[in-house]
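Written out below as structure tokens is the structure these notes cover.
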Amino acid sequence: MEKNTPDLNDLMAQIDLGKLGVLAGKVDLAGILNAASNMNDKQLRQLSRALGVGGSGRKRELPAADGDFYDYLDTLTDAQVEVAGRVHAFMRAEVMPVMNEYWSRDEFPRDLIGKMRELNLLRAIWNEDGTRRPDATIMEGIITLEACRVDVSTAVFFGVHGGLAFASIALGGSEEQKKRWLPDMLDMRRIGAFGLTEPEGGSQVSEGMRTTCRRDGDGWVLNGEKKWIGNSTFSDFTVIWARDEETSEVRGFVVEAGTPGYSVEKIQGKIALRMVENGHITLQDCRVADEFRLQAVQGWDTVSDVLKLTRAGVAWQGVGCAMGAYELALAYAQQRKQFGKRIGEFQLVQNHLVLMLADVTAMLGMVTRLSHLADEGRMDDAHAALAKVHTAARCREVVARAREVFGGNGILLEHGVAKHFADTEAIYSYEGTNEINTLVVGRAVTGLSAFV
Ligand SMILES: Cc1cc2nc3c(=O)[nH]c(=O)nc-3n(C[C@H](O)[C@H](O)[C@H](O)COP(=O)(O)OP(=O)(O)OC[C@H]3O[C@@H](n4cnc5c(N)ncnc54)[C@H](O)[C@@H]3O)c2cc1C
């Protein structure tokens with residue numbers, strides 16, 4: 001039988017004779033059939049389109065590329081859905097049109113800060129006194145998810161300012177210090193950064209911190225270097241963590257941009273998160289008044305509490321990045337043709353898509369539960385570390401599959417997936433590398449520490 005030619009017997013078997021009889025009473029069926037028998041192929045296809053019948057000529061509506069397969073977002077409250085919608089619209093209207101240009105230029109689009117301010121997102125997470133709202137972690141999570149579906153750098157800018165820097169002051173500041181800095185940070189009138197990592201020590205910074213502080217009269221003198229500090233090239237201030245030369249205790253300081261002895265050089269040549277500006281900070285006899293020392297810091301424990309909070313947010317970054325890559329790959333597979341078929345019709349491509357979707361769906365369940373635990377005050381370090389380890393690793397696999405679905409186009413910035421592919425590498429390494437978070441979970445489940 002010739003391809004696409006319907007079998008007449010099959011067609012006759014589908015006809016409902018009762019309905020045909022009714023129709024024959026209303027229209028000249030014999031005349032129509034006679035006219036149709038004289039039509040050529042093109043005219044027949046036009047007729048069948050006009051009547052909205054005839055499977056082969058009809059354009060089927062394909063499902064939308066949506067990574068929320070289990071409708072997790074349906075479990076959100078109205079307020080959470082409203083915030084998610086605001087971020088979703090903002091990312092598409094404001095970030096999407098400029099992100100590739102800024103990513104290529106290795107620059108953060110500072111105009112976005114003013115536009116983000118209007119979204120008023122931080123007040124959905126934090127209260128003005130530095131306490132967290134009842135659903136803060138879920139809220140932070142869905143903001144991060146919606147941002148990362150389009151662009152991870154934007155989420156990182158927000159996470160450094162509204163997570164790491166804000167939480168350092170909220171957890172480590174005195175009441176007076178919180179009043180001084182937090183309201184401006186909530187409204188994004190002043191932008192913060194978080195300086196913990198050093199050139200010689202990321203993983204070991206808790207034990208091997210080399211940046212020092214020394215009491216000197218009514219102030220402190222800071223010396224050392226900090227590496228990878230996001231937002232620090234344009235932030236109004238950076239929280240600097242330093243070890244007391246006398247007591248060896250870890251202390252936190254708010255160091256304002258422009259303070260003598262404090263300088264920042266932008267790190268060049270990154271292959272991931274290029275829109276985030278990371279700085280290399282040098283502190284050379286940098287003098288700060290005691291009122292800039294975070295007065296309620298309890299040594300390393302405060303840093304650890306800050307990182308526990310933000311690690312949950314980073315776990316959501318992995319999910320959002322993977323979901324965005326999956327959605328791009330699915331949309332591409334639905335329209336890209338090879339061998340006369342959409343590549344989504346090939347079984348091997350469907351296998352990629354289904355494996356990606358399974359990972360995204362499982363990860364979304366994991367971080368949703370993690371955030372509920374956090375908001376109930378039941379999340380510990382190992383809970384956050386497990387989600388960070390798992391989502392970062394799965395995200396790496398999902399973006400690799402997504403990139404593969406695009407063939408050569410997968411390495412072109414204009415198709416979107418390449419940015420997700422590259423950005424995953426940073427998610428994988430910061431806020432505790434895969435190995436360090438694995439050791440945290442391993443210690444919790446065995447009761448035995450494998451840290452050196
Ligand atoms: C894009 C980006 C943004 C960042 N932003 C910030 C920021 O804003 N503020 C900030 O303070 N920091 C920031 N960081 C730093 C980040 O937290 C560190 O890169 C991270 O902690 C890892 O430290 P490291 O790069 O020095 O790697 P290292 O600690 O040198 O680790 C190298 C390798 O050794 C492994 N390793 C180390 N110790 C062990 C061990 N005991 N057992 C097994 N394996 C081990 C690690 O897992 C890793 O694979 C950022 C980093 C990046 C890439």
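Tabulated values for the structure
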| read-out | value |
| --- | --- |
| Filtered residues of the range 277-313 (kept if away from the ligand (no atom under 11 Å from the Cβ), among the small types (Gly, Ala, Ser) and under 30 Å from the mean Cα position of the chain (by Cα)) | Ser304, Ala312, Gly313 |
| Strands (runs of 3 or more DSSP E) within the range 210-276 that include 2 or more residues closer than 28 Å to Glu425 by Cβ, within 11 Å of the ligand (Cβ to nearest atom) and touching a residue at least 12 places away in the same chain (Cβ under 8 Å) | 219-230, 237-244 |
| Pick from the range 379-392, criterion surrounded by 19 or more Cβ atoms within 10 Å (Cβ to Cβ) and hydrophobic (A, V, I, L, M, F, W, C), ranking: nearest to the chain's Cα centre (by Cα) | Ala392 |
| Hey, Val452 farther than 15 Å from Ala393 by Cα and over 21 Å from the mean Cα position of the chain (by Cα) or not | yes |
| Hits in the range 174-200 - residues which are within 16 Å of the ligand (Cβ to nearest atom) and closer than 28 Å to Val95 by Cα | Met185, Ile191, Gly192, Ala193, Phe194, Gly195 |
| Any hit, the range 155-173, residues being more than 16 Å from the ligand (Cβ to nearest atom) and touching a helix residue (DSSP H, G or I) at 6+ places or on another chain (Cβ under 6 Å) | no |
| Close pairs (9 angstrom Cβ cut-off, 6 or more residues apart or separate chains): at pLDDT 95 or above and crowded, with 24+ Cβ neighbours inside 10 Å in the range 316-328, acidic (Asp, Glu) and part of a helix (DSSP H, G or I) anywhere | Trp316/Glu140; Gln317/Asp423; Gly320/Glu146; Cys321/Asp423; Ala322/Asp359; Ala322/Glu397; Tyr326/Asp359 |
| Flag for Arg403 being in contact (Cβ under 8 Å) with a residue 12 or more places away in the chain, within 28 Å of Asp106 (Cβ to Cβ) and away from the ligand (no atom under 16 Å from the Cβ) | yes |
| Flag for Thr361 being in contact with a Phe, Trp or Tyr (Cβ under 6 Å, 6 or more places away or on another chain) and of a type in the set (Ser, Thr, Tyr) | yes |
| Qualifying residue in the range 362-379 (condition: over 30 Å from Arg133 (Cα atoms), touching a Gly at 6+ places or on another chain (Cβ under 8 Å) and more than 16 Å from the ligand (Cβ to nearest atom)) | no |
| Selection from the range 211-236 of residues that are more than 13 Å from Thr197 (Cβ to Cβ), out of contact with any helix residue (DSSP H, G or I) (no Cβ under 8 Å at 6 or more places or on another chain) and not charged (D, E, K, R) | Thr212, Cys213, Gly217, Val221, Leu222, Asn223, Thr233, Phe234 |
| Candidate set: the range 190-209, residues that are under 28 Å from the mean Cα position of the chain (by Cα), part of a loop (DSSP other than H, G, I, E, B) and in contact (Cβ under 8 Å) with a residue 24 or more places away in the chain; chosen: the one surrounded by the fewest Cβ atoms within 10 Å (Cβ to Cβ) | Pro199 |
| Residue satisfying all of: in the range 110-128; among the hydrophobic types (A, V, I, L, M, F, W, C) and in contact (Cβ under 8 Å) with a residue 40 or more places away in the chain; nearest to Leu145 (Cα to Cα) among these | Leu121 |
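Okay, residues lined up against (1) in contact (Cβ under 8 Å) with a residue 24 or more places away in the chain; (2) of a type outside the set (Ser, Thr, Tyr); (3) part of a helix (DSSP H, G or I); (4) surrounded by fewer than 17 Cβ atoms within 10 Å (Cβ to Cβ):
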site: Gln80; (1), (2), (3), (4): yes, yes, yes, no
site: Glu94; (1), (2), (3), (4): no, yes, yes, no
site: Trp103; (1), (2), (3), (4): yes, yes, yes, no
site: Phe108; (1), (2), (3), (4): yes, yes, no, no
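The values are calculated or read from the model by the stated rules, or taken from the named source; none is laboratory data. Values in this document were obtained by computation on a predicted structure and should not be read as measured data. Note: ideal-geometry Cβ built from the backbone for every residue, glycine included; neighbour counts use all protein chains shown.
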